[in-house]
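Notes follow the structure.
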Amino acid sequence: MTNRLYSQQLPENAKEHILSEDYVSLIYHNETFPFDIEQILPEYLPQMVDWQYAVLNAPIQYFPPNITTQGYFTIPKLYTLLNEASLEASGIPQVQNQPFLNLTGKGVLIGFLDTGIDYRHSAFRNSDGTSRILRIWDQTIQSGTPPEGFLYGSEYTKEQIDAALGTSDPLKTVPTTDENGHGTAVAGIAAGTPDPALAFSGAAPDVGILAVKLKPAKKYLRNYFLVPEDAPAFQEDDCMLALRYLNLIAQELNLPLVICFSLGTNQGGHDGFTPLDEVLTSLSYTAGTYAVAAGGNEGNAAHHYHGIMKKQRETQEVQVSVTKENPGFTMEFWAQAPELYALGVVSPQGERILPVSPRIGATQSASFLLDNSKVQIDYEVIEFRSGSQLIQVRVENPSVGIWRFPIVNHRFLNGQYHLWLPVTGLASPYVKMLSPEPNTTLTTPANSLSVITSSTYQVPGGSFYLNSSRGFTRTGQIKPDLAAPGVDIQAPKILSGYQAFTGSSAAAAITSGAVAMLVQWGRRTYRGKLFTYTEIKNLLYRGALQSDDLYYPNQEWGYGTLNVYGIFQALTDF
């Protein structure tokens, strides 16, 4: 199957279909391909991600995006940025400057998938002015040559970037930019070239840099998920293909790769079973590939509710406050099998959809006359990858007031269920849970056991960052792994100069640099040994600083705060 997918001869207009708003992206697992896949592949323009997943493209009129007709996992989820002080707190300068260790990430790659990178900035250049960036894949530019094996975007090599930097107008030669600045900041925190005059250095200033600029999400998905027009949003399938690209370049260069994933979403079961999670898991089994994920900034966002019922047929009510007119919101309900629930809706004016017995493929919709709102409820009793129950709710044009969602238990095990509103950045700021729960707020893919997940703390005073997401996962797995600095971190800004940068993206960037340093140490000390991601995680656990006042691991700090130098102290303190 894999060979056939890679070898398909695609039509000349494949790129146009992939980019067109008249075509939708669908994520398919090999187990779900129909038997006549050979006949439909050319029409659906397959792009292979790995041995598990392919992205298909289909005419929008034939594939309306809803979970009852396509299956929840086939519809790309939307990811957004996770940004909102010092490296010393993480023991990084001590390891950089210690004569015997002298770890700076040399011989290791860090790959970023984000809003792009300002390759002109001094933070990504060598002392001779040449670039430390080895590859850029800009998915938004179609005038250049796509990477080999990919159908869209433009790839730029180090040679092309160096040539551009040697001209008076680099963008004429290599036109990729970072209009947002998030990707530039994250890459600089993780891998920026030292600037002693401004007391700046990235965590791993000698790594090779790979960057993917993700293309914006298509309008049909933004409309379906009711995302605000100006919100940065990126499709899951583009992220999955970016991961494939980074891995292929690392293989080509024969260098270990650290993936810094500084995006997140509240979509999915918060259990590590989305398609993106599973691609990351597959990569973690590849020698020399390690993924770090930002935990998110959802702890204080009022986007999560956790309910516990005591018996079968019990009914509870979840309330969502809408304080200002907005286009609408989506919400996802998740419960672990064999628990089974039904969900209804009561509008502020008292119009309602009654909970019905949950069944496979069930869907309910209604237009509320008094509220001028439209509501749709879709059920997946057995979600394909996780086996959990999912209920997806869409409320268009919600009226101001309290929206009530009665929930009925139809099969009882432990009575636990969770609901999530969209992540900050993809949600209206006027929609909140009335009784939110700050725990179990890690964004996807931070819930995956195959990534290293960092929460965020503030170095002055050593306090946990109020907005930082908290663990554990919905299924009780221990996450985050540790906490890293993420408040007022010095980061490069687009064009020139530096700025304070706050959020879990900064914590993930510092952690990514720390992982690169450990990978360098392993290769140098053990004659080319590549640590497994499990070994890297346990080295980080050994060095983590812990407080006598807390138990570990816990939902905020994981196993403690990041301290790379502490790893070597722990290994030599006998």
Compute the separation of the alpha-carbon centres of the stretch 525-558 and the stretch 361-406 and state it in Å as a whole number. 41
Among 249-259, 296-306, 346-356, how do they line up from the highest to the lowest mean number of other beta-carbon atoms within 10 Å? 296-306, 249-259, 346-356
Sparse-neighbour loop sites [chymotrypsin sites (Phe, Trp or Tyr not before Pro); the stretch 248-293; at most 15 other C-beta within 10 Å; DSSP]: Y285
Give me the distance between the Cα centres of the stretch 427-473 and the stretch 122-183, rounded to whole Å. 33
If you take every DSSP beta bridge fully contained in the chain, what fraction is antiparallel? Give it as a percent rounded to 5. 75
Mind checking which aspartates and glutamates have their Cα closer than 20 Å to the Cα of K311? Skip sequence neighbours fewer than 8 apart in that chain. E339
Spatially proximal lysines relative to K324 (Cα-Cα < 23 Å; intrachain offsets below 8 disregarded): K374, K432
Sequence-distant aspartates and glutamates (8 or more away, or on other chains) whose Cα lies within less than 17 Å of K172: D118, D138, E155, E159, D162
Which order do T473, T104 fall in if you start with the one that has the fewest other Cβ atoms within 10 Å? T473, T104
Low-density loop cleavage sites - trypsin sites (Lys or Arg not before Pro) in the stretch 439-532, where at most 11 other Cβ are within 10 Å (DSSP): R527
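Every read-out reported here was derived from the displayed coordinates using simple, explicitly stated rules and does not represent laboratory data. All values derive from a computational prediction rather than experimental measurement. Counting neighbours? That spans all protein chains shown, and the Cβs are built from the backbone with ideal geometry, glycine included.
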